[in-house]
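Below is one structure, written out as structure tokens, with a few remarks after it.
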């Protein structure tokens with residue numbers, strides 16, 4: 001089938017060369033795809049994408065590199081958002097490459113189409129891989145058409161549906177833009193990236209053609225696993241960008257949420273929070289990180305932001321932890337949680353156990369501004385949450401070696417090899433696992449149905465909080481019976497699912513939403529999940 005694409009294609013045309021004179025202030029010169037993709041990081045991203053396919057270089061150029069080059073020429077130096085993620089010149093191109101890389105990483109853990117025979121899955125493997133990459137690449141392309149107002153040097157407006165830019169331009173965000181319109185606007189531009197032979201090839205696979213069309217129409221709720229792969233990859237790219245670089249966090253616009261959170265934390269550590277006290281303290285700075293008492297910092301951060309008149313502040317600590325973690329400002333535990341359990345011991349012998357948040361010191365201070373390190377120790381409690389406190393004599397594991405500040409390096413920032421590591425070698429950290437834990441992907445459940453990436457509170461040991469059995473335990477003189485689904489059975493399942501965070505609420509893909517003390521259920525999805 002790939003032989004259909006072996007014919008020669010015309011090379012990607014470069015924009016007309018600009019005059020040698022300097023451009024007027026505020027104008028940008030359009031660049032060729034080769035120039036835009038020439039940076040070392042983007043080259044590593046392209047290499048990483050190729051490694052996630054099973055194609056030769058020639059086949060990869062046809063199926064992947066050509067659409068990526070067309071994407072680069074279309075988005076040029078546009079940011080991916082005005083004040084949130086990738087809000088810098090060229091941010092949309094970076095985000096597009098990242099989400100394709102993440103999506104292809106996720107795709108490797110799925111046999112598609114789901115439920116098909118192994119022979120059919122093998123026959124459709126490359127088509128599904130390409131569909132995942134195209135859906136990821138196109139998910140935000142509509143922003144160029146409806147969120148941005150692009151003016152050319154001659155005073156006319158540029159409409160991306162007519163083709164790439166060929167003269168100098170300036171742009172600004174439309175003040176009256178509608179946030180969700182860009183998903184529906186994808187249909188205006190996907191033919192700029194995908195040509196007829198590619199679409200003809202994909203249309204020969206009905207099981208992927210329908211969900212791909214739904215994605216192109218912005219109807220993600222009907223796109224099944226294809227939608228879920230794109231959504232999870234998008235969240236991973238956003239989380240990595242927001243928290244991976246402290247300098248970039250400080251460069252974010254002051255009205256961006258990540259900047260407000262960071263400024264609030266810096267203010268608290270300068271004016272209110274007490275560090276490294278010989279006994280009770282609000283936090284401790286060690287070689288391994290900045291450790292802050294979770295409840296104290298959450299309460300004070302929320303109060304400070306509210307006092308500044310900032311809207312949209314979460315109303316409880318759990319929500320604050322989630323926001324901080326989603327913006328990459330907290331270093332998660334090994335199982336992706338926001339809150340650490342640790343015992344703090346000072347040099348005077350004072351010791352106490354806390355629930356702590358862990359931050360990279362580089363987010364708060366420059367290297368020459370940091371206070372002295374804590375003279376005692378912060379020892380992580382490795383006892384499972386269900387048995388914490390049951391064995392007080394068991395010493396916690398002491399934090400030993402320093403860990404890198406900030407998030408781990410994405411896979412495309414490090415050399416990778418397909419050869420297996422020696423048995424004796426330690427496993428190489430994979431930032432995708434951390435990112436997927438951060439955004440709530442549960443590999444043991446259906447895609448998109450994982451738990452929220454917030455601290456899990458052990459459920460009360462009451463009958464109401466225990467999992468609802470569909471097959472009750474038999475009595476002394478009875479035989480097992482299967483519970484018949486009913487309205488009461490459904491409501492109990494729903495309450496327990498929300499309490500245990502098996503069902504997320506008030507998220508873009510959530511099945512349950514709350515407004516004014518009223519719960520709204522997404523039908524029929526929530527009932528299909530229940531069944």
Notebook entry, point to check: Could you say whether any residue in segment 509-524 is part of a loop (DSSP other than H, G, I, E, B), at pLDDT below 75, on the phi < 0 side of the Ramachandran plot and surrounded by 12 or more Cβ atoms within 10 Å (Cβ to Cβ)?
Noted result: yes
Residue count, segment 69-86, condition farther than 19 Å from residue 167 by Cβ and assigned to a helix (DSSP H, G or I), comes to 2
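Taking the conditions exactly as written (surrounded by fewer than 20 Cβ atoms within 10 Å (Cβ to Cβ) and either without any contact (Cβ under 8 Å) to a residue 24 or more places away in the chain or not in a loop (DSSP other than H, G, I, E, B) (or both)), does residue 96 satisfy them or not?
When the stated conditions are applied, residue 96 does not pass them.
Hey, among the residues in segment 184-218 that are part of a loop (DSSP other than H, G, I, E, B) and more than 20 Å from residue 125 (Cα to Cα), which one's farthest from the chain's Cα centre (by Cα)? Please lay out each step first, then the result.
Keep residues of segment 184-218 that are part of a loop (DSSP other than H, G, I, E, B), which gives 189, 194-195, 204-205, 217-218.
Next, only the ones that are more than 20 Å from residue 125 (Cα to Cα) stay: 189, 195, 217-218.
Details: 189: 25, 195: 29, 217: 22, 218: 19 Å.
By that ranking, first place goes to 195.
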> Condition test on residue 89, is it touching a helix residue (DSSP H, G or I) at 6+ places or on another chain (Cβ under 6 Å) and not in a helix (DSSP H, G or I)?
Replying inline: no
Q) For residue 172, are the conditions met, namely being outside any helix (DSSP H, G or I), in the same structural domain as residue 67 (by TED's automatic domain parsing) and either buried (at least 20 other Cβ atoms within 10 Å of the Cβ) or touching a strand residue (DSSP E or B) at 6+ places or on another chain (Cβ under 8 Å) (or both)? A) yes
Of the listed residues (131, 123), the one being more than 30 Å from residue 25 (Cβ to Cβ), part of a helix (DSSP H, G or I) and modelled with pLDDT of 95 or more is 131
Scanning segment 152-162 for residues that are under 26 Å from residue 180 (Cβ atoms) and either surrounded by fewer than 16 Cβ atoms within 10 Å (Cβ to Cβ) or touching a residue at least 60 places away in the same chain (Cβ under 8 Å) (or both) gives 157, 159, 160, 161, 162
Those residues of segment 490-501 that are buried (at least 17 other Cβ atoms within 10 Å of the Cβ) and touching a helix residue (DSSP H, G or I) at 6+ places or on another chain (Cβ under 8 Å) come to a total of 3
Residue 101: passes all of (1) under 24 Å from the mean Cα position of the chain (by Cα); (2) surrounded by 20 or more Cβ atoms within 10 Å (Cβ to Cβ); (3) within 21 Å of residue 214 (Cα to Cα) but (3)
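The values are calculated or read from the model by the stated rules, or taken from the named source; none is laboratory data. In this text, all values refer to a predicted model and were calculated from it rather than measured experimentally. Note that each Cβ is placed from the backbone with ideal geometry, even for glycine, and that neighbours are counted across all protein chains shown.
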